[in-house]
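Notes for the one structure printed next.
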Amino acid sequence: MAQDREGAVEEAIGGRTIKLPPPALLALLYAAFIATGALLLKLPAATTAPISWSDALFTATSAVTVTGLVVVDTGSAFTLFGQIVVATLIQLGGLGLMTFAVLVLASLGLPIGMQQRVYLREDLNQTSVSELLYLVFTILKVVLVMEAIGIVALAFVFVPEFGWGEGMWHAIFHTISAFNNAGFALFPDSLTRWATDPVVNITVPLLFIVSGVGFAVLSDLARTRAWRPLMLHSKLTLAGTGVLIVLSVIGFAALEWNNPGTLGPLATAGDKLWVSWFQGVTTRTAGFNTADTGAMYDATTMMTMGLMVIGGGSTSTAGGIKVTTFVVLILATIAFFRRRERMRAFGRSLGPEQAFKVMALTTVAIFLILTGIFVMSISWEGEFIDLAFEVTSAFGTVGLSRGATGELDEFGRAVIMLLMFLGRVGPLTLGFFLATQIPSRIRYPESKIYIG
(Lines give C-alpha, C1' and ligand atoms only; values in the text may rest on other atoms or scores of the structure.)
Protein backbone atom coordinates (compact mmCIF):
# COMPACT_ATOMS: atom_id res chain seq x y z
CA MET A 1 0.00 0.00 0.00
CA ALA A 2 1.36 3.44 -0.93
CA GLN A 3 0.23 7.01 -1.47
CA ASP A 4 0.62 9.24 -4.50
CA ARG A 5 0.94 13.00 -4.40
CA GLU A 6 -2.83 13.54 -4.66
CA GLY A 7 -3.34 11.54 -1.47
CA ALA A 8 -4.88 8.45 -3.06
CA VAL A 9 -4.09 5.14 -1.41
CA GLU A 10 -2.66 2.53 -3.79
CA GLU A 11 -3.68 -1.06 -3.08
CA ALA A 12 -2.12 -3.94 -4.99
CA ILE A 13 -4.81 -6.52 -5.81
CA GLY A 14 -4.13 -9.45 -8.12
CA GLY A 15 -1.05 -7.78 -9.57
CA ARG A 16 -2.96 -4.63 -10.40
CA THR A 17 -2.65 -1.32 -8.61
CA ILE A 18 -5.93 0.30 -7.59
CA LYS A 19 -5.92 3.87 -6.35
CA LEU A 20 -8.24 4.48 -3.40
CA PRO A 21 -8.71 8.08 -2.30
CA PRO A 22 -8.90 8.52 1.49
CA PRO A 23 -12.68 9.17 1.44
CA ALA A 24 -13.26 5.82 -0.28
CA LEU A 25 -10.99 4.06 2.19
CA LEU A 26 -12.81 5.73 5.08
CA ALA A 27 -16.21 4.71 3.72
CA LEU A 28 -15.02 1.13 3.28
CA LEU A 29 -13.81 1.04 6.88
CA TYR A 30 -17.18 2.25 8.17
CA ALA A 31 -18.96 -0.29 5.95
CA ALA A 32 -16.70 -3.08 7.22
CA PHE A 33 -17.43 -2.20 10.84
CA ILE A 34 -21.15 -2.12 10.12
CA ALA A 35 -21.08 -5.51 8.38
CA THR A 36 -19.05 -7.05 11.21
CA GLY A 37 -21.44 -5.59 13.77
CA ALA A 38 -24.47 -6.96 11.92
CA LEU A 39 -22.93 -10.44 11.84
CA LEU A 40 -22.25 -10.34 15.58
CA LEU A 41 -25.73 -9.07 16.40
CA LYS A 42 -27.29 -11.86 14.32
CA LEU A 43 -25.62 -14.53 16.46
CA PRO A 44 -28.02 -16.46 18.74
CA ALA A 45 -25.90 -15.45 21.73
CA ALA A 46 -26.56 -11.77 21.02
CA THR A 47 -30.36 -11.78 21.08
CA THR A 48 -33.09 -12.94 23.42
CA ALA A 49 -35.15 -13.99 20.40
CA PRO A 50 -34.17 -14.31 16.73
CA ILE A 51 -34.06 -11.02 14.80
CA SER A 52 -33.97 -10.46 11.06
CA TRP A 53 -30.89 -9.49 9.08
CA SER A 54 -32.61 -6.16 8.46
CA ASP A 55 -32.90 -5.56 12.22
CA ALA A 56 -29.25 -6.51 12.78
CA LEU A 57 -27.96 -4.36 9.91
CA PHE A 58 -30.07 -1.36 10.92
CA THR A 59 -28.91 -1.59 14.54
CA ALA A 60 -25.25 -1.94 13.53
CA THR A 61 -25.50 1.01 11.16
CA SER A 62 -27.14 3.16 13.81
CA ALA A 63 -24.49 2.18 16.37
CA VAL A 64 -21.41 2.71 14.17
CA THR A 65 -22.75 6.04 12.91
CA VAL A 66 -23.61 6.92 16.56
CA THR A 67 -27.17 7.83 15.59
CA GLY A 68 -29.45 6.00 18.02
CA LEU A 69 -32.45 5.20 15.82
CA VAL A 70 -33.68 1.69 16.65
CA VAL A 71 -36.08 -0.84 15.16
CA VAL A 72 -35.84 -3.22 18.14
CA ASP A 73 -35.64 -2.36 21.83
CA THR A 74 -31.96 -2.51 22.76
CA GLY A 75 -32.59 -3.45 26.38
CA SER A 76 -35.00 -6.34 25.78
CA ALA A 77 -34.05 -7.62 22.31
CA PHE A 78 -30.35 -8.11 23.03
CA THR A 79 -28.58 -10.17 25.65
CA LEU A 80 -25.68 -8.83 27.67
CA PHE A 81 -23.35 -9.99 24.90
CA GLY A 82 -25.45 -8.21 22.28
CA GLN A 83 -25.51 -5.02 24.34
CA ILE A 84 -21.73 -5.20 24.70
CA VAL A 85 -21.47 -5.50 20.91
CA VAL A 86 -23.68 -2.40 20.50
CA ALA A 87 -21.64 -0.46 23.06
CA THR A 88 -18.39 -1.46 21.34
CA LEU A 89 -19.71 -0.38 17.94
CA ILE A 90 -20.74 2.96 19.46
CA GLN A 91 -17.29 3.49 21.01
CA LEU A 92 -15.48 2.56 17.79
CA GLY A 93 -17.83 4.59 15.62
CA GLY A 94 -17.67 7.65 17.83
CA LEU A 95 -13.99 7.67 18.69
CA GLY A 96 -11.88 5.01 16.99
CA LEU A 97 -12.96 5.61 13.42
CA MET A 98 -13.19 9.34 13.99
CA THR A 99 -9.59 9.40 15.26
CA PHE A 100 -8.52 7.30 12.30
CA ALA A 101 -10.34 9.68 9.97
CA VAL A 102 -8.39 12.61 11.41
CA LEU A 103 -5.15 10.75 10.78
CA VAL A 104 -6.18 9.88 7.23
CA LEU A 105 -7.24 13.42 6.37
CA ALA A 106 -3.99 14.81 7.76
CA SER A 107 -1.88 12.19 5.95
CA LEU A 108 -3.08 12.91 2.43
CA GLY A 109 0.40 12.93 0.97
CA LEU A 110 0.15 16.68 0.38
CA PRO A 111 3.12 18.96 0.81
CA ILE A 112 2.54 20.73 4.11
CA GLY A 113 2.92 24.23 2.79
CA MET A 114 1.35 27.41 4.11
CA GLN A 115 -1.82 27.05 2.04
CA GLN A 116 -2.42 23.49 3.23
CA ARG A 117 -1.68 24.47 6.82
CA VAL A 118 -4.34 27.18 6.65
CA TYR A 119 -6.91 24.78 5.17
CA LEU A 120 -6.20 22.08 7.72
CA ARG A 121 -6.06 24.46 10.67
CA GLU A 122 -9.27 26.32 9.90
CA ASP A 123 -11.28 23.48 8.37
CA LEU A 124 -10.02 20.37 10.16
CA ASN A 125 -7.88 21.86 12.92
CA GLN A 126 -4.85 19.85 11.88
CA THR A 127 -1.41 21.14 10.94
CA SER A 128 1.31 18.53 11.44
CA VAL A 129 1.92 14.99 12.56
CA SER A 130 3.17 16.12 15.96
CA GLU A 131 0.03 18.14 16.63
CA LEU A 132 -2.10 15.24 15.43
CA LEU A 133 -0.45 12.98 17.98
CA TYR A 134 -1.11 15.58 20.64
CA LEU A 135 -4.75 15.67 19.55
CA VAL A 136 -5.02 11.89 19.71
CA PHE A 137 -3.53 11.79 23.21
CA THR A 138 -5.93 14.54 24.24
CA ILE A 139 -8.83 12.49 22.91
CA LEU A 140 -7.73 9.45 24.88
CA LYS A 141 -7.33 11.48 28.08
CA VAL A 142 -10.74 13.11 27.67
CA VAL A 143 -12.38 9.75 26.97
CA LEU A 144 -10.87 8.10 30.05
CA VAL A 145 -11.62 11.00 32.39
CA MET A 146 -15.13 11.84 31.17
CA GLU A 147 -16.34 8.25 30.89
CA ALA A 148 -14.96 7.46 34.34
CA ILE A 149 -16.86 10.46 35.74
CA GLY A 150 -20.01 9.40 33.91
CA ILE A 151 -19.88 5.80 35.11
CA VAL A 152 -19.36 6.80 38.75
CA ALA A 153 -22.10 9.45 38.68
CA LEU A 154 -24.70 7.29 36.92
CA ALA A 155 -23.91 4.37 39.22
CA PHE A 156 -25.47 6.39 42.04
CA VAL A 157 -28.71 6.38 40.02
CA PHE A 158 -28.79 2.86 38.57
CA VAL A 159 -27.14 0.71 41.26
CA PRO A 160 -29.71 1.45 44.01
CA GLU A 161 -32.52 0.57 41.59
CA PHE A 162 -31.09 -2.42 39.70
CA GLY A 163 -28.37 -3.80 41.99
CA TRP A 164 -24.59 -3.80 41.57
CA GLY A 165 -24.20 -5.96 38.47
CA GLU A 166 -27.06 -4.68 36.33
CA GLY A 167 -26.79 -1.15 37.73
CA MET A 168 -23.10 -0.85 36.88
CA TRP A 169 -23.73 -2.14 33.37
CA HIS A 170 -26.48 0.44 32.88
CA ALA A 171 -24.06 3.12 34.06
CA ILE A 172 -21.33 1.92 31.68
CA PHE A 173 -23.62 1.53 28.65
CA HIS A 174 -25.36 4.88 29.02
CA THR A 175 -22.06 6.65 29.67
CA ILE A 176 -20.58 5.26 26.45
CA SER A 177 -23.75 6.11 24.56
CA ALA A 178 -23.91 9.64 25.98
CA PHE A 179 -20.24 10.52 25.51
CA ASN A 180 -20.34 9.37 21.90
CA ASN A 181 -23.59 11.26 21.24
CA ALA A 182 -25.25 7.98 20.24
CA GLY A 183 -28.59 8.19 22.06
CA PHE A 184 -28.92 4.44 22.58
CA ALA A 185 -30.69 3.56 25.83
CA LEU A 186 -31.58 0.27 27.48
CA PHE A 187 -35.11 1.45 28.26
CA PRO A 188 -38.00 1.71 25.77
CA ASP A 189 -38.77 5.29 26.87
CA SER A 190 -35.11 6.35 26.80
CA LEU A 191 -34.45 8.29 30.04
CA THR A 192 -38.00 9.55 30.58
CA ARG A 193 -38.39 7.87 33.98
CA TRP A 194 -35.49 10.04 35.26
CA ALA A 195 -36.82 13.21 33.67
CA THR A 196 -36.45 15.23 36.89
CA ASP A 197 -33.45 13.44 38.40
CA PRO A 198 -30.65 16.01 38.95
CA VAL A 199 -27.81 13.48 38.51
CA VAL A 200 -29.10 12.27 35.13
CA ASN A 201 -29.93 15.81 34.00
CA ILE A 202 -26.39 16.97 34.77
CA THR A 203 -24.23 13.95 33.98
CA VAL A 204 -25.68 12.85 30.64
CA PRO A 205 -25.73 16.37 29.09
CA LEU A 206 -22.24 17.03 30.45
CA LEU A 207 -20.96 13.96 28.61
CA PHE A 208 -22.46 14.74 25.23
CA ILE A 209 -21.82 18.50 25.39
CA VAL A 210 -18.12 18.06 26.21
CA SER A 211 -17.60 15.51 23.44
CA GLY A 212 -19.88 17.50 21.12
CA VAL A 213 -17.78 20.67 21.08
CA GLY A 214 -14.99 18.76 19.34
CA PHE A 215 -11.66 17.35 20.42
CA ALA A 216 -9.75 20.05 18.55
CA VAL A 217 -11.40 22.62 20.82
CA LEU A 218 -10.67 20.53 23.92
CA SER A 219 -7.05 20.17 22.79
CA ASP A 220 -6.82 23.92 22.28
CA LEU A 221 -8.29 24.57 25.73
CA ALA A 222 -5.85 22.11 27.31
CA ARG A 223 -2.91 24.00 25.80
CA THR A 224 -3.98 27.59 26.37
CA ARG A 225 -6.40 27.43 29.34
CA ALA A 226 -7.47 31.01 28.57
CA TRP A 227 -9.93 32.67 26.19
CA ARG A 228 -7.72 35.21 24.44
CA PRO A 229 -5.09 32.86 22.91
CA LEU A 230 -7.68 30.34 21.68
CA MET A 231 -7.90 29.65 17.95
CA LEU A 232 -10.71 31.39 16.12
CA HIS A 233 -12.23 27.96 15.46
CA SER A 234 -12.43 27.27 19.19
CA LYS A 235 -13.95 30.67 19.95
CA LEU A 236 -16.59 30.30 17.23
CA THR A 237 -17.45 26.77 18.38
CA LEU A 238 -17.72 27.66 22.07
CA ALA A 239 -19.64 30.88 21.47
CA GLY A 240 -21.96 29.24 18.94
CA THR A 241 -22.58 26.26 21.18
CA GLY A 242 -23.39 28.49 24.15
CA VAL A 243 -25.85 30.61 22.19
CA LEU A 244 -27.55 27.56 20.66
CA ILE A 245 -27.93 25.92 24.07
CA VAL A 246 -29.53 29.01 25.58
CA LEU A 247 -31.89 29.54 22.64
CA SER A 248 -32.89 25.87 22.40
CA VAL A 249 -33.63 25.51 26.13
CA ILE A 250 -35.62 28.74 26.27
CA GLY A 251 -37.38 27.86 23.02
CA PHE A 252 -38.44 24.41 24.21
CA ALA A 253 -39.70 25.77 27.55
CA ALA A 254 -41.65 28.58 25.92
CA LEU A 255 -43.26 26.39 23.27
CA GLU A 256 -44.01 23.30 25.39
CA TRP A 257 -44.76 24.81 28.85
CA ASN A 258 -48.47 23.97 28.73
CA ASN A 259 -48.36 21.04 26.29
CA PRO A 260 -50.30 18.16 27.95
CA GLY A 261 -48.09 15.66 26.14
CA THR A 262 -44.72 16.99 27.35
CA LEU A 263 -44.27 19.65 30.06
CA GLY A 264 -47.92 20.21 30.97
CA PRO A 265 -48.39 17.31 33.44
CA LEU A 266 -45.21 18.13 35.43
CA ALA A 267 -46.05 19.39 38.91
CA THR A 268 -43.59 22.23 39.42
CA ALA A 269 -41.79 24.86 37.38
CA GLY A 270 -38.51 23.33 38.50
CA ASP A 271 -39.44 19.97 36.96
CA LYS A 272 -40.43 21.68 33.71
CA LEU A 273 -37.11 23.51 33.61
CA TRP A 274 -35.18 20.27 34.13
CA VAL A 275 -36.95 18.65 31.16
CA SER A 276 -36.59 21.82 29.06
CA TRP A 277 -32.86 21.85 29.80
CA PHE A 278 -32.40 18.22 28.78
CA GLN A 279 -34.59 18.40 25.68
CA GLY A 280 -32.99 21.67 24.62
CA VAL A 281 -29.42 20.37 24.69
CA THR A 282 -30.08 16.84 23.39
CA THR A 283 -31.61 17.99 20.09
CA ARG A 284 -28.41 18.90 18.23
CA THR A 285 -26.45 15.71 18.80
CA ALA A 286 -27.35 13.28 21.55
CA GLY A 287 -30.67 11.60 20.78
CA PHE A 288 -31.73 10.87 24.37
CA ASN A 289 -35.09 12.20 25.51
CA THR A 290 -36.86 12.77 28.81
CA ALA A 291 -40.13 13.88 27.19
CA ASP A 292 -42.31 12.31 24.52
CA THR A 293 -40.83 13.58 21.26
CA GLY A 294 -43.88 12.48 19.31
CA ALA A 295 -46.13 14.69 21.46
CA MET A 296 -44.23 17.92 20.76
CA TYR A 297 -46.03 20.74 18.99
CA ASP A 298 -45.21 21.23 15.32
CA ALA A 299 -43.36 24.47 16.08
CA THR A 300 -41.10 22.68 18.56
CA THR A 301 -40.60 19.88 16.06
CA MET A 302 -39.46 22.36 13.41
CA MET A 303 -37.09 24.01 15.88
CA THR A 304 -35.67 20.60 16.77
CA MET A 305 -35.15 19.74 13.11
CA GLY A 306 -33.18 22.94 12.58
CA LEU A 307 -30.97 22.17 15.57
CA MET A 308 -30.41 18.60 14.33
CA VAL A 309 -29.18 19.94 11.00
CA ILE A 310 -26.67 22.23 12.75
CA GLY A 311 -25.28 19.46 14.98
CA GLY A 312 -22.15 19.78 17.12
CA GLY A 313 -18.54 20.81 16.69
CA SER A 314 -15.98 19.69 14.12
CA THR A 315 -13.77 16.68 14.98
CA SER A 316 -16.37 15.60 17.53
CA THR A 317 -18.65 12.62 18.02
CA ALA A 318 -21.60 14.75 16.89
CA GLY A 319 -23.18 14.97 13.45
CA GLY A 320 -24.83 17.75 11.43
CA ILE A 321 -23.22 20.45 9.31
CA LYS A 322 -21.37 21.57 12.46
CA VAL A 323 -21.61 24.70 14.61
CA THR A 324 -18.75 26.53 12.88
CA THR A 325 -20.43 26.03 9.51
CA PHE A 326 -23.63 27.60 10.83
CA VAL A 327 -21.74 30.49 12.46
CA VAL A 328 -19.75 31.22 9.29
CA LEU A 329 -23.01 31.26 7.31
CA ILE A 330 -24.31 33.95 9.66
CA LEU A 331 -21.04 35.88 9.47
CA ALA A 332 -21.15 35.73 5.67
CA THR A 333 -24.71 37.07 5.67
CA ILE A 334 -23.74 39.92 7.99
CA ALA A 335 -20.71 40.74 5.84
CA PHE A 336 -22.91 40.83 2.73
CA PHE A 337 -25.44 43.27 4.18
CA ARG A 338 -22.66 45.47 5.55
CA ARG A 339 -20.89 45.45 2.17
CA ARG A 340 -17.72 43.89 3.56
CA GLU A 341 -15.38 41.80 1.46
CA ARG A 342 -14.29 39.68 4.43
CA MET A 343 -16.07 38.20 7.44
CA ARG A 344 -15.03 39.35 10.91
CA ALA A 345 -15.16 37.68 14.32
CA PHE A 346 -13.18 38.11 17.54
CA GLY A 347 -10.64 40.42 15.96
CA ARG A 348 -9.93 38.04 13.07
CA SER A 349 -11.11 37.92 9.48
CA LEU A 350 -12.23 35.12 7.21
CA GLY A 351 -11.92 35.26 3.44
CA PRO A 352 -14.46 34.33 0.75
CA GLU A 353 -12.99 30.82 0.44
CA GLN A 354 -14.39 30.01 3.90
CA ALA A 355 -17.85 31.05 2.72
CA PHE A 356 -17.51 28.81 -0.34
CA LYS A 357 -16.66 25.85 1.89
CA VAL A 358 -19.60 26.25 4.23
CA MET A 359 -21.97 26.86 1.31
CA ALA A 360 -20.78 23.63 -0.30
CA LEU A 361 -21.29 21.63 2.88
CA THR A 362 -24.68 23.21 3.60
CA THR A 363 -25.89 22.73 0.03
CA VAL A 364 -24.95 19.06 0.06
CA ALA A 365 -26.65 18.57 3.44
CA ILE A 366 -29.88 20.26 2.36
CA PHE A 367 -29.88 18.36 -0.93
CA LEU A 368 -29.49 14.99 0.84
CA ILE A 369 -32.19 15.77 3.39
CA LEU A 370 -34.69 16.96 0.79
CA THR A 371 -33.90 14.01 -1.47
CA GLY A 372 -34.39 11.62 1.45
CA ILE A 373 -37.73 13.18 2.33
CA PHE A 374 -38.87 13.04 -1.31
CA VAL A 375 -37.84 9.42 -1.86
CA MET A 376 -39.41 8.18 1.37
CA SER A 377 -42.61 10.17 0.88
CA ILE A 378 -43.38 8.08 -2.20
CA SER A 379 -44.40 5.11 -0.07
CA TRP A 380 -44.92 6.77 3.34
CA GLU A 381 -48.52 6.81 4.56
CA GLY A 382 -48.09 8.51 7.93
CA GLU A 383 -47.77 12.15 8.96
CA PHE A 384 -45.41 14.14 6.76
CA ILE A 385 -43.76 15.95 9.68
CA ASP A 386 -42.90 12.59 11.29
CA LEU A 387 -41.21 11.52 8.05
CA ALA A 388 -39.28 14.79 7.70
CA PHE A 389 -38.21 14.57 11.34
CA GLU A 390 -36.97 11.00 10.89
CA VAL A 391 -34.93 11.85 7.80
CA THR A 392 -33.37 14.91 9.44
CA SER A 393 -32.54 12.92 12.56
CA ALA A 394 -30.89 10.20 10.48
CA PHE A 395 -28.72 12.58 8.46
CA GLY A 396 -27.77 14.56 11.56
CA THR A 397 -26.97 11.24 13.33
CA VAL A 398 -29.08 12.46 16.25
CA GLY A 399 -31.41 9.54 16.90
CA LEU A 400 -34.55 11.34 18.04
CA SER A 401 -37.75 9.97 16.56
CA ARG A 402 -41.46 10.72 16.60
CA GLY A 403 -42.24 7.00 16.30
CA ALA A 404 -41.69 6.59 12.58
CA THR A 405 -38.71 4.22 12.88
CA GLY A 406 -40.81 1.22 13.85
CA GLU A 407 -43.23 1.83 10.98
CA LEU A 408 -40.60 1.78 8.23
CA ASP A 409 -40.77 -0.87 5.52
CA GLU A 410 -37.61 -2.43 4.07
CA PHE A 411 -37.24 0.35 1.53
CA GLY A 412 -37.62 3.01 4.21
CA ARG A 413 -35.06 1.28 6.40
CA ALA A 414 -32.59 1.19 3.52
CA VAL A 415 -33.01 4.93 2.91
CA ILE A 416 -32.58 5.76 6.60
CA MET A 417 -29.47 3.55 6.84
CA LEU A 418 -27.99 5.29 3.80
CA LEU A 419 -28.71 8.70 5.31
CA MET A 420 -27.11 7.69 8.63
CA PHE A 421 -24.05 6.46 6.73
CA LEU A 422 -23.79 9.60 4.60
CA GLY A 423 -24.40 11.81 7.63
CA ARG A 424 -21.41 10.23 9.36
CA VAL A 425 -19.00 9.76 6.45
CA GLY A 426 -20.21 12.59 4.20
CA PRO A 427 -18.75 15.61 6.05
CA LEU A 428 -15.36 13.88 6.32
CA THR A 429 -15.46 13.06 2.61
CA LEU A 430 -16.36 16.61 1.69
CA GLY A 431 -13.63 17.85 4.03
CA PHE A 432 -11.13 15.88 1.94
CA PHE A 433 -12.11 17.63 -1.26
CA LEU A 434 -12.14 21.05 0.43
CA ALA A 435 -8.70 20.47 1.91
CA THR A 436 -7.18 19.20 -1.34
CA GLN A 437 -8.49 21.76 -3.77
CA ILE A 438 -6.12 22.61 -6.62
CA PRO A 439 -5.98 26.22 -7.87
CA SER A 440 -7.22 26.56 -11.43
CA ARG A 441 -4.70 27.71 -14.03
CA ILE A 442 -7.41 29.18 -16.19
CA ARG A 443 -9.23 32.44 -15.45
CA TYR A 444 -12.45 33.43 -17.16
CA PRO A 445 -13.85 36.94 -17.55
CA GLU A 446 -16.07 37.98 -14.66
CA SER A 447 -19.78 38.59 -15.19
CA LYS A 448 -22.86 39.33 -13.12
CA ILE A 449 -26.26 37.72 -12.65
CA TYR A 450 -29.45 39.02 -11.06
CA ILE A 451 -30.30 37.49 -7.68
CA GLY A 452 -33.52 37.97 -5.70
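Quick check: anything in the range 269-276 under 30 Å from Arg193 (Cβ atoms), open to solvent by less than 50 Å² (accessible area, probe 1.4 Å), in contact with a helix residue (DSSP H, G or I) (Cβ under 9 Å, 6 or more places away or on another chain) and not aliphatic (A, V, I, L, M)? Yes: the range 269-276 contains one or more residues that are under 30 Å from Arg193 (Cβ atoms), open to solvent by less than 50 Å² (accessible area, probe 1.4 Å), in contact with a helix residue (DSSP H, G or I) (Cβ under 9 Å, 6 or more places away or on another chain) and not aliphatic (A, V, I, L, M). Tell me, yes or no, whether the range 78-91 has at least one residue that is modelled with pLDDT of 95 or more, among the β-branched types (Val, Ile, Thr) and surrounded by fewer than 21 Cβ atoms within 10 Å (Cβ to Cβ). Checking the range 78-91: at least one residue is modelled with pLDDT of 95 or more, among the β-branched types (Val, Ile, Thr) and surrounded by fewer than 21 Cβ atoms within 10 Å (Cβ to Cβ).
Screening the candidates Ala182, Ala226, Ala222, Ala178 for the property of being open to solvent by 30 Å² or more (accessible area, probe 1.4 Å), within 20 Å of Ala148 (Cβ to Cβ) and not acidic (Asp, Glu) yields one hit, Ala222.
For the range 222-253, filtering for residues that are in contact (Cβ under 8 Å) with a residue 40 or more places away in the chain and closer than 14 Å to Thr282 by Cα leaves 5. Go through the range 298-352 residue by residue and tally those that are open to solvent by less than 10 Å² (accessible area, probe 1.4 Å), within 29 Å of Val66 (Cβ to Cβ) and small (Gly, Ala, Ser). Counting residues in the range 298-352 that are open to solvent by less than 10 Å² (accessible area, probe 1.4 Å), within 29 Å of Val66 (Cβ to Cβ) and small (Gly, Ala, Ser) gives 7. The numbered conditions (1) of a type in the set (A, V, I, L, M); (2) open to solvent by 10 Å² or more (accessible area, probe 1.4 Å); (3) at pLDDT 95 or above; (4) over 19 Å from Trp277 (Cα atoms) are all true for Ala171 except (2).
The residue that is nearest to Phe184 (Cα to Cα), counting only those in the range 381-403 that are in a loop (DSSP other than H, G, I, E, B) and open to solvent by less than 30 Å² (accessible area, probe 1.4 Å), is Gly399. Within the range 67-87, residues that are in contact (Cβ under 8 Å) with a residue 60 or more places away in the chain reach partners that are basic (Lys, Arg) and buried (at least 20 other Cβ atoms within 10 Å of the Cβ) with beta carbons closer than 9 Å, at six or more positions or on different chains, in the pairs Thr67/Arg424. Whether any residue in the range 353-363 is assigned to a loop (DSSP other than H, G, I, E, B) and either over 22 Å from Gly212 (Cβ atoms) or open to solvent by less than 60 Å² (accessible area, probe 1.4 Å) (or both) is what I want to check. Scanning the range 353-363 turns up no residue that is assigned to a loop (DSSP other than H, G, I, E, B) and either over 22 Å from Gly212 (Cβ atoms) or open to solvent by less than 60 Å² (accessible area, probe 1.4 Å) (or both). Scanning the range 46-61 for residues that are closer than 30 Å to Gly312 by Cα and either in contact with a Ser or Thr (Cβ under 9 Å, 6 or more places away or on another chain) or free of Cβ contacts under 8 Å to residues at least 60 places away in the same chain (or both) yields Asp55, Ala56, Phe58, Thr59, Ala60, Thr61. Evaluated against (1) of a type outside the set (Phe, Trp, Tyr); (2) under 15 Å from the mean Cα position of the chain (by Cα); (3) modelled with pLDDT of 90 or more; (4) assigned to a helix (DSSP H, G or I), Arg424 falls short on exactly one condition, (3).
For beta carbons closer than 6 Å, sequence separation of 6+ or different chains, a first residue in the range 395-424 that is on the phi > 0 side of the Ramachandran plot and a second that is open to solvent by 10 Å² or more (accessible area, probe 1.4 Å) and in a helix (DSSP H, G or I), the qualifying pairs are Thr397/Arg424; Gly403/Gly294. Restricting the range 244-268 to residues that are more than 21 Å from Asp298 (Cβ to Cβ) and at pLDDT 95 or above leaves a set whose member that is most open to solvent (accessible area, probe 1.4 Å) is Val246.
The values are calculated or read from the model by the stated rules, or taken from the named source; none is laboratory data. This structure is a prediction, so every number in the text was calculated from the model and none was measured. Here Cβ is always computed from backbone atoms with ideal geometry, including for glycine, and neighbour counts include all displayed protein chains. All accessible areas refer to the heavy atoms of the entire protein, side chains included, with ligands and DNA or RNA removed. Shrake-Rupley method; radii C 1.70, N 1.55, O 1.52, S 1.80 Å.
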